[in-house]
Amino acid sequence: MTLPALPKLTPWRARGLALLAGLAAALAHPPFGILPGLLGYAALLWLLDAIDGPRPLRSAFFRGWLAGLAYFGLGTWWIAEAFMVDAANQGWMAPFAVAAMAAGMALFWGLAAMLYRLVRPPGVRRVLVFAGAYAALEWTRGHVLTGFPWNLPGETWKAGSPISQFAAVVGAYGLTWITLAIAAAPAVWREDRRGRGMVAVAVVSLVSLYVHGCSAIPFYSATRASDPPRYPTVRIVQADIPQESKWDEKRFAQIVQAYVSLTAKPYAGKPADLVVWPEGALPLAINDYMVPGSWVRQAIVDALKPGQVMLLGGYRYEGPPDKPVYYNSLVALRRTASDVEVVGIYDKHRLVPFGEYLPADALMTKLGVKSMAHLGEGFATGPAPRPLRIAPNLLVQPLICYESLFPRLAEPAPGVRAIVNVSNDAWFGVTSGPLQHLNLASYRAIETGLPLIRATPTGVSALIDAQGRILPGARLDLGESGVIDGNAPYVGSPTLFSRLGHWPFGVLLLVSFAAAIRFPGGRRLEKVPN
């Protein structure tokens with residue numbers, strides 16, 4: 001089979017087009033939402049097929065890596081803001097950190113491109129192989145060094161939109177395979193009738209996903225409305241304290257006062273069963289400011305009503321004073337008649353590499369990376385995520401910060417009524433990062449069929465239903481201070497993804513594997529002249 005001749009691609013032209021393809025795919029993600037940018041995947045497939053030279057695998061890797069560099073450069077540039085919190089000491093590292101992050105994650109795209117080029121079959125089946133190669137390496141990206149599955153292609157669709165609902169069936173990784181296959185199909189349009197047939201299948205698939213999502217959302221909404229007594233009432237507190245303000249010891253009392261004042265704000269109706277403060281709400285160890293008799297503890301007691309439960313995000317320590325072990329934790333406090341008692345603790349399980357712990361700690365310390373990154377001793381890893389019973393009839397699944405990026409990290413258990421995600425997105429200022437994080441975290445609600453209670457210090461905090469949609473009036477944006485009062489609507493029946501996990505994704509990868517098989521006597525794919 002001979003493909004249509006492609007325009008002459010000089011090395012620099014090919015590199016520029018690879019960068020543009022990755023940039024287009026990144027712009028399709030929220031908060032940009034330029035969905036035609038998904039055609040960047042078709043452009044990338046076209047570029048990989050157009051390679052003609054003595055070292056095609058090396059060329060494929062480089063083109064894939066360049067596309068990934070642009071994709072992750074735009075998708076993660078906001079990490080530079082974290083270094084500007086202490087600009088005097090760490091500001092110089094910001095451009096290097098962004099470049100290293102983008103270049104490192106782009107390696108997975110380079111490997112996917114090389115894998116595709118190595119096994120690509122004849123004909124339009126290569127669209128399925130392309131989708132499988134990239135989806136498999138995206139899964140790998142989500143697991144190496146604890147993983148960083150930021151902006152998976154399947155999460156391009158705005159959470160709560162009709163197409164995003166299919167994550168309840170196949171999960172974000174399965175939706176990644178489907179998205180890649182649909183988006184890459186236009187690359188084979190000009191080949192022959194089979195190419196046009198592949199594009200037609202992609203269009204029908206896209207329409208089917210949309211119809212499925214439109215039909216699923218009203219069904220779930222009707223299910224929720226039928227059982228209101230099961231809904232826990234929630235107050236989410238967002239005090240809008242910038243991260244750099246937390247290093248000023250003189251402001252500690254003001255920060256405490258901001259949180260307790262909002263917590264004690266009068267209710268329009270029934271007081272909340274659950275009050276949620278974000279990760280890193282107060283800039284001290286929980287052990288230190290919650291000691292019996294402290295003024296901070298008393299302020300929290302006075303702000304709560306008897307019987308209320310507060311979820312408080314922060315760090316704590318255990319062990320001997322000369323060698324304490326630190327945890328990033330979510331602590332559940334119940335207000336008693338005159339005090340508060342600890343009713344549950346969750347310690348973060350999935351830590352951020354180079355942010356909360358240092359891989360290969362001994363080696364990195366010798367190389368000076370540890371002191372350069374100002375990591376100190378880092379955090380210890382908590383046990384695998386498990387539900388937290390904060391009241392006799394209220395079981396929640398906690399996820400701290402970027403744990404909310406991981407499909408299937410917290411498997412829903414019987415009786416769980418909501419996911420609680422506390423995050424300190426104040427590190428990333430008024431950038432696209434917190435908005436992207438909101439979208440990605442909302443996919444965990446879709447996958448599990450559980451509402452998501454999300455609390456951050458500076459935005460975006462929200463109360464999200466089981467289809468990933470922010471409830472009306474239940475959002476505090478970047479730079480806003482206030483509370484969100486509402487119900488956490490519970491669907492009641494587990495999703496297919498919560499039952500099957502990644503098995504549907506595995507089946508899709510098997511489809512790609514089968515498409516890559518070269519049958520004896522089959523047509524050969526000739527080199528594309530350029």
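Coordinate-derived values only; no laboratory data. Nothing here was measured: the structure is a model prediction, and the numbers come from that model. A quick note on method: Cβ atoms are made from the backbone with ideal geometry, for glycine too, and the neighbour counts reach across all protein chains shown.
Taking the Cβ of residue 308 as the center, what net charge do the other residues with Cβ under 10 Å away carry, scoring Lys and Arg +1 and Asp and Glu -1?
Around residue 308, the surrounding residues sum to +3.
Going down the list 323/348; 158/246; 158/348; 246/348; 246/270, which pairs span over 29 Å between their C-alpha atoms? In this structure, 158/246; 246/270 exceed 29 Å between Cα atoms. Summing Lys and Arg as +1 and Asp and Glu as -1 over all other residues whose Cβ lies under 10 Å from the Cβ of residue 116 gives a net charge of +2. Each DSSP beta bridge with both residues in the chain is either parallel or antiparallel, and the antiparallel ones are about 65%. Considering all alpha-carbon pairs of the chain, what whole percent are spaced by more than 43 angstrom? The proportion of pairs with Cα distances above 43 Å equals 21 percent. Please report how far the C-alpha centroid of the range 245-281 lies from that of the range 292-345, rounded to the nearest whole angstrom. So the two Cα centres are separated by 14 Å. Antiparallel beta bridges, as assigned by DSSP with both residues in the range 274-366, represent about 80 percent of the total such bridges. Over the chain, Cα pairs under 8 Å with separation of 6+ residues give a relative contact order of 19 percent.
Against the chain, whose longest principal axis comes from its Cα atoms, helix 56-76 is set at around 30 degrees. Here the chain is assigned +1 on the Cβ of each Lys and Arg and -1 on the Cβ of each Asp and Glu. Its dipole about the Cα centre then comes out at about 2020 debye. The range 17-67 and the range 485-515 have Cα centres separated by 28 Å.
Quick check on the chain: helices-only [θ] at 222 nm, where DSSP H runs of length 4 and up contribute -39,500 (n - 2.57) each and the sum goes over total residues. Nearest 500, please.
-13500 deg cm²/dmol, from helical runs alone.
When 401, 214 are arranged by Cβ crowding within 10 Å, least crowded first, meaning fewest neighbours, the order is 214, 401. Rounded to the nearest 20 debye, the dipole size of the range 24-127 about its Cα centre is 600 debye, using +1 on the Cβ of Lys and Arg and -1 on the Cβ of Asp and Glu.
The 3J(HN,Hα) values that the Karplus relation (6.51, -1.76, 1.60; θ = phi - 60°) gives for the range 160-169 are, in residue order, x, 6, x, 5, 5, 5, 6, 4, 5, 9 Hz. Gly and Pro appear as x. Count Lys and Arg as plus one, Asp and Glu as minus one, and take only other residues whose Cβ is under 15 Å from that of residue 501; the net charge is then +1. This ranking places 249, 191 by how few other beta-carbon atoms lie within 10 Å of each, fewest first, which gives 249, 191.
Between 0 and 90 degrees, the angle of helix 94-119 with respect to the longest Cα principal axis of the chain falls at about 40 degrees.
Could you order peptides 49-58, 127-136, 328-337 by the average number of other Cβ atoms within 10 Å of their residues, highest first?
127-136, 328-337, 49-58
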